[in-house]
1. Name every residue in region 224-239 that is touching a residue at least 40 places away in the same chain (Cβ under 8 Å) and of a type outside the set (S, T, N, Q), in order of residue number.
2. Restricting the search to region 90-134, which residues are hydroxyl-bearing (Ser, Thr, Tyr), assigned to a helix (DSSP H, G or I) and surrounded by 16 or more Cβ atoms within 10 Å (Cβ to Cβ)?
3. Determine which single condition Thr200 fails, assuming it passes every other condition in (1) of a type in the set (S, T, N, Q); (2) farther than 23 Å from Arg88 by Cβ; (3) in contact with a helix residue (DSSP H, G or I) (Cβ under 8 Å, 6 or more places away or on another chain).
4. Test each condition in (1) assigned to a helix (DSSP H, G or I); (2) at positive phi for Gly137 and report the one that comes out false.
5. If we keep just the residues of region 191-223 that are without any contact (Cβ under 8 Å) to a residue 60 or more places away in the chain and either surrounded by 18 or more Cβ atoms within 10 Å (Cβ to Cβ) or among the β-branched types (Val, Ile, Thr) (or both), which is farthest from Ser80 (Cα to Cα)?
6. Checking Phe189 against (1) in a helix (DSSP H, G or I); (2) more than 26 Å from Val94 (Cα to Cα); (3) not small (Gly, Ala, Ser), which single condition isn't satisfied?
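The values are calculated or read from the model by the stated rules, or taken from the named source; none is laboratory data. All of these numbers come straight from a predicted model, not from anything done at the bench. As a convention, Cβ positions derive from the backbone with ideal geometry for all residues, glycine included, and neighbour counts pool all protein chains shown.
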Amino acid sequence: MIIHRRNRQKLVRKLRSCGRWMFIALGLSFILEYRLSALESAPSASPTAAAVFRQLLPIVLANRPSLGSVNAPIVVLEVSSFKCTHCRKFHETVFPKLIDRYINLGLVQWVVLNASDDPSEQFSRIFDIARCAHLQGKYWEMLDELFQVAHRAPSMLESLIAKNSHIERDELDMCLRERPTRNAVVADFSLYSRLKLKGTPTFLIWKMGANGQTIETSIAGSQTLDQFERVFDTLLKTP
């Protein structure tokens, strides 16, 4: 086949043009592949100091009722019983102010362990109901009523709680029949025993120190707002 000289020059230019675009495409492909490879081989982000601090605490915070930021410098474990009158008074008078002044401001993460120094109370239906409310994400909405009905007869508890608009009755019934719910309550009472506390309410308090060490203190019994403010403010000023 004979190609005219002018047509041959056009063909050469086309081939050169195609080669240039192929080279660019190959280059872009190589860059993209390199970046994807770098992302895959890059180490995952290291845990934050706050996460490491929480992992070193003597109790597991996960799967418990909690309020506040997981990055807060102070962690409080409130050990509380629904049948404890001092616990109820604390939640009615002191706790709302702590929410406004410390928890909502990201200064304190508040975690709850519901148990009692009376081992027989672990069989009280109120603790199972509280666990189920937590699993529905309604623990805090139900808390006032849990305190109010805690002393009622077991046969009445479920019907009283079921009337609350925050709880889903079918889910509650199913949850109360499941073995993991009962196991979780038993585990909470076992933890209470291991902590060797002298009664409820007790507040175990940990502060994340700048040097990586954990500062630990506690507040026992019925205390005023001033007492909590003194402890929290002192810890927040401690490096």
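1. Taking region 224-239 as the starting set, the residues that turn out to be touching a residue at least 40 places away in the same chain (Cβ under 8 Å) are 224-225, 228-229, 232, 235-236.
Answer for region 224-239, where residues must be touching a residue at least 40 places away in the same chain (Cβ under 8 Å) and of a type outside the set (S, T, N, Q): Leu225, Phe228, Glu229, Phe232, Leu235, Leu236.
2. Keep residues of region 90-134 that are hydroxyl-bearing (Ser, Thr, Tyr), which gives 93, 102, 116, 120, 124.
Subsequent filtering for residues that are assigned to a helix (DSSP H, G or I) retains 93, 102, 120.
Of everything in region 90-134, just one residue is hydroxyl-bearing (Ser, Thr, Tyr), assigned to a helix (DSSP H, G or I) and surrounded by 16 or more Cβ atoms within 10 Å (Cβ to Cβ), namely Tyr102.
3. Failed condition: (2).
4. (1)
5. The residue in question is Ile215.
6. (2)
For every residue, the table says whether it meets (1) among the aromatic types (Phe, Trp, Tyr); (2) over 18 Å from Gly68 (Cα atoms).
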residue: Thr85; (1), (2): no, yes
residue: Pro96; (1), (2): no, no
residue: Ile99; (1), (2): no, no
residue: Tyr102; (1), (2): yes, no
residue: Gly106; (1), (2): no, no
residue: Gln109; (1), (2): no, no
residue: Val112; (1), (2): no, no
residue: Ala115; (1), (2): no, yes
residue: Pro119; (1), (2): no, yes
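For (1) out of contact with any helix residue (DSSP H, G or I) (no Cβ under 9 Å at 6 or more places or on another chain); (2) among the polar types (S, T, N, Q), each residue gets a yes or a no:
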{"position": "Cys132", "(1), (2)": "no, no"}
{"position": "Tyr139", "(1), (2)": "no, no"}
{"position": "Asn164", "(1), (2)": "no, yes"}
{"position": "Glu168", "(1), (2)": "yes, no"}
{"position": "Ala187", "(1), (2)": "yes, no"}
